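Q: Before we start, here is the structure in question, set down as structure tokens.
The values are calculated or read from the model by the stated rules, or taken from the named source; none is laboratory data. Remember, it's a predicted structure, so these values are computed and weren't measured experimentally. Here the Cβ positions follow ideal geometry from the backbone for every residue, glycine too, while neighbour counts run over all protein chains shown.
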Amino acid sequence: MAHAKIQHTKDNGIWFLDSGCSNHMTENKSWFIELDEDFRHTVRLGNNTALPVLGKGHVKFEVEGLTQIVSEVYYVPDLTNNLLSIGQLQEKNLVITFKAGICRIYHPQKGKIIETKMTTN
């Protein structure tokens, strides 16, 4: 597990880069620049807890001075941690590397977009 401190327009947030989650998720509705609140789903966490998803959309934030837009983010009001799905990032043709305790994410055209230290779960 790795985490990145993200600067939003109004407040900071920590997002965990998680290889075990199937979707990007956040509980902070104000971070969405676009949100389809008609979308409904349920997610099951690692501790077997099921939480309702009350929307899906796009979140915009800044990482290391670069503005990023992450699509297909679930709005999960009862979630306690913001999660970026490694699998979803790879589906967008991003390259994720883990080496010497550092996680790096590369965009095909922009190059490195995130670099963060690994943490314990």
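Q: Which of the following residues is surrounded by fewer than 13 Cβ atoms within 10 Å (Cβ to Cβ) and of a type in the set (Ser, Thr, Tyr): Thr42, Thr26? Step through it out loud before you land on a result.
A: On the way: Thr26 fails: surrounded by fewer than 13 Cβ atoms within 10 Å (Cβ to Cβ).
So the residue among Thr42, Thr26 that is surrounded by fewer than 13 Cβ atoms within 10 Å (Cβ to Cβ) and of a type in the set (Ser, Thr, Tyr) is Thr42.
Q: So, one more: Could you grab me the full set of residues in the stretch 1-53 that are aliphatic (A, V, I, L, M), at pLDDT 85 or above and not in a strand (DSSP E or B)?
A: Leu45
Q: Would you check if there is a residue in the stretch 99-107 being surrounded by 12 or more Cβ atoms within 10 Å (Cβ to Cβ) and out of contact with any Leu (no Cβ under 8 Å at 6 or more places or on another chain)?
A: So far as the stretch 99-107 goes, yes, one or more of its residues are surrounded by 12 or more Cβ atoms within 10 Å (Cβ to Cβ) and out of contact with any Leu (no Cβ under 8 Å at 6 or more places or on another chain).
Q: Considering only the stretch 73-83, I want to know if a residue exists there that is more than 22 Å from Gly20 (Cβ to Cβ), touching a strand residue (DSSP E or B) at 6+ places or on another chain (Cβ under 6 Å) and assigned to a strand (DSSP E or B). Step through it out loud before you land on a result.
A: Narrowing the stretch 73-83 to residues more than 22 Å from Gly20 (Cβ to Cβ): none.
No.
Q: Which residue pairs have Cβ atoms closer than 8 Å, lie 6 or more positions apart in sequence or on different chains, and pair a first residue in the stretch 93-121 that is more than 14 Å from Gln68 (Cβ to Cβ) and in contact (Cβ under 8 Å) with a residue 24 or more places away in the chain with a second residue that is among the aliphatic types (A, V, I, L, M) and part of a loop (DSSP other than H, G, I, E, B)?
A: Matching pairs, first to second residue: Met118/Met1; Thr119/Met1; Thr120/Met1; Asn121/Met1.
Q: Does Tyr106 fit the bill of being more than 13 Å from the chain's Cα centre (by Cα), on the phi < 0 side of the Ramachandran plot and of a type in the set (Phe, Trp, Tyr)?
A: The answer is yes for Tyr106.
Q: Separate question: Looking at the structure I just gave you, is Tyr74 crowded, with 17+ Cβ neighbours inside 10 Å, among the aromatic types (Phe, Trp, Tyr) and either in contact with a Ser or Thr (Cβ under 8 Å, 6 or more places away or on another chain) or at pLDDT below 90 (or both)?
A: yes
Q: Of the conditions (1) out of contact with any Ser or Thr (no Cβ under 9 Å at 6 or more places or on another chain); (2) loosely packed, with under 14 Cβ neighbours inside 10 Å, Glu62 fails just one. Which one is it?
A: (1)
Q: Could you tell me which of the residues Gln88, Gln68 is in contact (Cβ under 8 Å) with a residue 12 or more places away in the chain, surrounded by 11 or more Cβ atoms within 10 Å (Cβ to Cβ), not in a helix (DSSP H, G or I) and not aliphatic (A, V, I, L, M)?
A: Every option except Gln68 fails the conditions.
Q: Okay, moving on. How many residues, within the stretch 77-94, are at pLDDT 95 or above and among the basic types (Lys, Arg)?
A: Number of matching residues: 0.
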